[in-house]
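A short worksheet on the structure shown next.
Since every read-out is calculated from the coordinates, none of them should be taken as a lab result. Computed from a predicted structure; not experimentally measured. In this analysis, Cβ positions are derived from the backbone assuming ideal geometry, glycine residues included, and neighbour counts consider all displayed protein chains.
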Amino acid sequence: MNSRHVLVSTLVALLALASLRCKETLPTYQDPKNVLALKVTLIEQLNDRLAPPGRQAVHAVLEAENVFDEVFYDSVNVSGAVRIWWKRRPVRFKTIVLSQSNLQNRDLIANGKIMLLPGQKISLDLYWNLRSDDGIYLPHEMNFAFLRRRICDFNVACADPEEFVLEASLKIYDRLGFIQAPPTSFMFTGRTCICGAFPPCSAGGGC
């Protein structure tokens, strides 16, 4: 076989190999998993100045962290829910819907997208007015027996401390699913005024 035939055979083989490689399909892209981790970083019972007896409230903060080893940038779809239930009376619970309005750092959203560096966090605020899904103001069902022996502040009596559990699920990005926070327990103490005519109530009621 002369050199011309060898060259032609080599070219044909290379073209055939290239043709086979072009027909290979690329692997289907899959969104990364374990991009975000969610946890509860704060649960606090608001004081009598901000939430006096009869209008008590709880403030909580959720924190989502980019635990992926790369920058993550995608379109935003903030949605989720928090469920708070009374450990002693599980039939009493509250469901709070989460949305973009709960975000503390909404300035991170640009053109409908959020970029999070590895380790960067975003936080969400929520408030609960101690009413259950069925409209019950839960301090009314707490133990204030022997009221005059339970004075814990000026003109204020306290109930037995009660334990609640907060559970949360959250979606930040369009392409990622919901993430769950570990259930978090917290204590709450119902408060009531001894005399409605004096602070912190001053509602004009009698004593």
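Points worth noting:
- Neighbours by Cβ (under 8 Å, 6+ apart or cross-chain): first from segment 94-113, at positive phi; second β-branched (V, I, T): G112/V76
- Residues considered: S99, S132, S185. Of these, the only one that is of a type in the set (S, T, Y) and either buried (at least 16 other Cβ atoms within 10 Å of the Cβ) or over 23 Å from L42 (Cβ atoms) (or both) is S132.
- Verdict on L126 being hydrophobic (A, V, I, L, M, F, W, C) and in contact with a helix residue (DSSP H, G or I) (Cβ under 8 Å, 6 or more places away or on another chain): yes
- Residues being surrounded by 14 or more Cβ atoms within 10 Å (Cβ to Cβ) and assigned to a loop (DSSP other than H, G, I, E, B) - total across segment 160-177: 1
- Positions within segment 144-158 being part of a loop (DSSP other than H, G, I, E, B) and either of a type in the set (S, T, Y) or touching a residue at least 40 places away in the same chain (Cβ under 8 Å) (or both), in sequence order: F144, F154, N155
- When I151, I84, I122, I114 are checked against the criterion of being among the β-branched types (V, I, T) and more than 17 Å from the chain's Cα centre (by Cα), a single residue qualifies: I151.
- In the set (1) under 20 Å from T41 (Cα atoms); (2) part of a strand (DSSP E or B), the condition left unmet by P118 is number (2).
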